[in-house]
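No lab work stands behind these numbers, since they all come straight from the coordinates. Small disclaimer: the values here were computed from a predicted structure and weren't measured. Virtual Cβ from ideal backbone geometry, glycine too; neighbours counted across all protein chains shown.
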Amino acid sequence: MNYNSTRGGTLAVPSARAIAEGLARDGGLYTPEKLVPLTDELMEELAGLDYAGRAARILGLYLTDFTSEELLTYAKKAYSAEKFAHPAGFDPTAPAVDGVAVRSLSKQEHVLELFWGPTSAFKDMALQMLPYLLTASLRKLGEERTACILVATSGDTGKAALEGFRDVPGTQIVVFYPNDGVSDVQKRQMITQEGENVGVCAVYGNFDDAQTGVKKVFSDPAIRETLDKNGRFFSSANSINFGRLAPQIVYYVSAYLDMVKSGAIARGEAINICVPTGNFGNILAAYFAKAMGLPVKKLICASNANNVLTDFINTGVYDRRREFFKTLSPSMDILISSNVERLLYYLADGDTAFVAGKMKELNENGIYTLDGEAAASLKADFIGYCCDDVQTRETIREVFGESRYLIDPHTAVAINAARRYRAETGDETPTLIASTASAFKFCAGVLDALTGTPAADDFEAIETLSAVAGQPAPAPLTGLRGKTVRFAETVEKDALGATACRLLGVEV
Ligand SMILES: *Cc1c(COP(=O)(O)O)cnc(C)c1O
């Protein structure tokens with residue numbers, strides 16, 4: 001399988017190189033030149049495997065530079081029971097494998113719990129795997145330089161990447177997070193990060209400022225040269241790296257098979273998939289699964305008040321020139337959703353000039369429009385919904401009231417979308433709803449939604465929420481309080497290059 005830059009500057013690159021480089025030189029995203037069909041025979045075979053086996057088999061369709069033995073070894077380590085502490089007996093319908101659970105709330109609502117990993121958010125599903133893929137890619141390419149992973153995070157990627165890459169030989173990692181817009185818990189998780197090869201720094205501004213700043217550092221020729229002289233080069237763990245995206249396809253296919261196994265659906269029966277969306281990585285993986293042939297009727301894209309994607313899907317106009325809101329679901333406080341660029345590539349049948357043109361318009365004018373077939377095909381696969389913080393709180397309360405099931409604000413945005421879609425369209429298709437974080441990771445908002453009483457701080461909120469819900473909080477979160485702060489710095493967004501170099505220990 002070869003990879004093309006969505007903007008056409010680099011074509012037919014093998015998988016190991018696409019993963020090692022992360023972002024293509026022309027600023028485009030590496031994406032598989034075609035999608036591989038999930039045949040009936042393959043689905044049959046996958047049904048008989050555990051999660052690690054399914055991951056190795058599905059990744060093998062795309063990451064053709066790796067042997068199946070290699071992929072299976074990585075998957076077994078990445079998705080081990082030590083890493084994904086899904087409590088046994090939590091839910092009788094949950095598959096007993098590797099921390100991914102489908103929890104059925106009703107005949108129509110099936111929650112895919114993706115948050116049982118070390119950082120309590122779904123990012124672990126990909127970021128426990130990526131370090132194996134990346135370091136192996138470098139070995140395969142004969143790369144002797146150290147890979148410097150540069151991350152812009154809206155909160156959860158940063159911690160998950162730090163946890164995945166800490167003390168991995170041949171790598172260093174630097175994470176930038178917006179000082180304005182991560183939760184207490186998220187911030188504490190990052191600034192207390194342990195490991196010899198890690199650096200963390202806050203940026204004045206929001207996620208888009210951090211992401212734009214990091215993208216600039218990536219493509220700055222002077223910084224690239226400095227790194228090269230110091231035996232280093234940049235790579236990415238953001239969902240612009242295809243090595244992040246590929247492992248996310250796995251859980252949609254796996255969840256479908258588990259739903260068949262538990263009797264929630266019949267073999268071949270269509271489902272909808274509803275995903276709380278920020279940078280468009282998670283829902284793009286669901287789109288890949290659908291395009292590969294997983295029986296999916298509609299992809300429901302759920303946004304918070306930052307509803308640029310809702311408008312895009314429903315009108316074909318992507319317009320980021322709008323007010324930016326800080327919400328209860330900060331991991332989705334994004335106006336420039338990077339992975340939409342990959343979607344455009346497939347909507348336009350691989351026409352890279354088309355994609356490059358749209359990205360140029362977005363960059364220069366903050367807006368572009370899809371029309372004709374591309375817009376029609378977008379609408380055929382997706383539907384967009386958004387909700388504000390009031391509705392998010394209501395949904396948290398509603399779901400807890402119905403079934404004493406605790407959800408985080410991101411998951412609440414998705415459940416709100418799934419319910420409105422069903423009410424408005426009458427579509428009773430069973431819907432798989434991605435639950436992307438533990439409620440305890442965003443406990444202040446959740447506690448406030450349930451009790452109307454804000455806690456003094458996030459750490460008190462964890463304890464109170466645990467008591468209110470009658471559920472223990474994940475151990476890595478309760479342990480945060482006593483940890484030492486290692487990274488307390490905040491910098492301006494145009495100082496990211498110099499800061500990155502300093503944290504990496506290279507002379508500018
Ligand atoms: C990252 C994240 C999202 C958004 O995922 P994308 O792949 O960026 O669309 C949603 N919820 C949580 C909790 C996240 O951490």
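Worth pointing out:
- Likely footprinting exposure, 334, 383, fewest C-beta neighbours within 10 Å first: 383, 334
- Over the chain, Cα pairs under 8 Å with separation of 6+ residues give a relative contact order of 18 percent.
- Charge tally for residue 22 (other residues, Cβ to Cβ under 12 Å; Lys, Arg +1; Asp, Glu -1): +3.
- When the Cα gyration tensor is reduced to axis lengths a ≥ b ≥ c, the ratio a/c is 1.5 or higher for segment 146-214, and with a/b not above b/c it is classed as oblate.
- Calculated FRET efficiency for the pair residue 485/residue 229, C-beta based, R₀ 30 Å, to 0.05: 0.40
- Taking the DSSP bridge list for segment 272-423 and keeping only pairs wholly inside it, about 25 percent are antiparallel.
- Taking a sphere under 13 Å around the Cβ of residue 237 and counting the other residues whose Cβ falls inside, with K and R at +1 and D and E at -1, yields a net charge of 0.
- Near residue 265: Cβ cut-off under 14 Å, other residues only, Lys/Arg at +1 and Asp/Glu at -1. The net charge is 0.
- Percent antiparallel among DSSP beta bridges (both partners in the chain, rounded to 5): 25 percent
- Taking every alpha-carbon pair under 8 Å whose residues sit at least 6 apart, segment 269-414 reaches a relative contact order of 31 percent.
- By the count of neighbouring beta-carbon atoms within 10 Å, fewest first, 104, 403, 438 end up ordered 403, 104, 438.
- Computing Rg and the Kirkwood Rh from the Cα coordinates of segment 290-337 gives a ratio, Rg/Rh, of 1.06.
- Within segment 108-163, the GluC sites (Glu not before Pro) that combine a DSSP coil assignment with at most 12 other C-beta atoms in a 10 angstrom radius are 144.
- Projected area, mean over directions - the chain, Cα convex hull, nm²: 21.0 nm²
- Likely footprinting exposure, 166, 232, 25, fewest C-beta neighbours within 10 Å first: 25, 166, 232
- Whether segment 401-508 is rounded, prolate or oblate, judged on the alpha carbon gyration tensor where a/c under 1.5 counts as rounded: oblate
- Overall form of segment 278-359 per C-alpha gyration tensor (a/c, 1.5; a/b vs b/c): oblate
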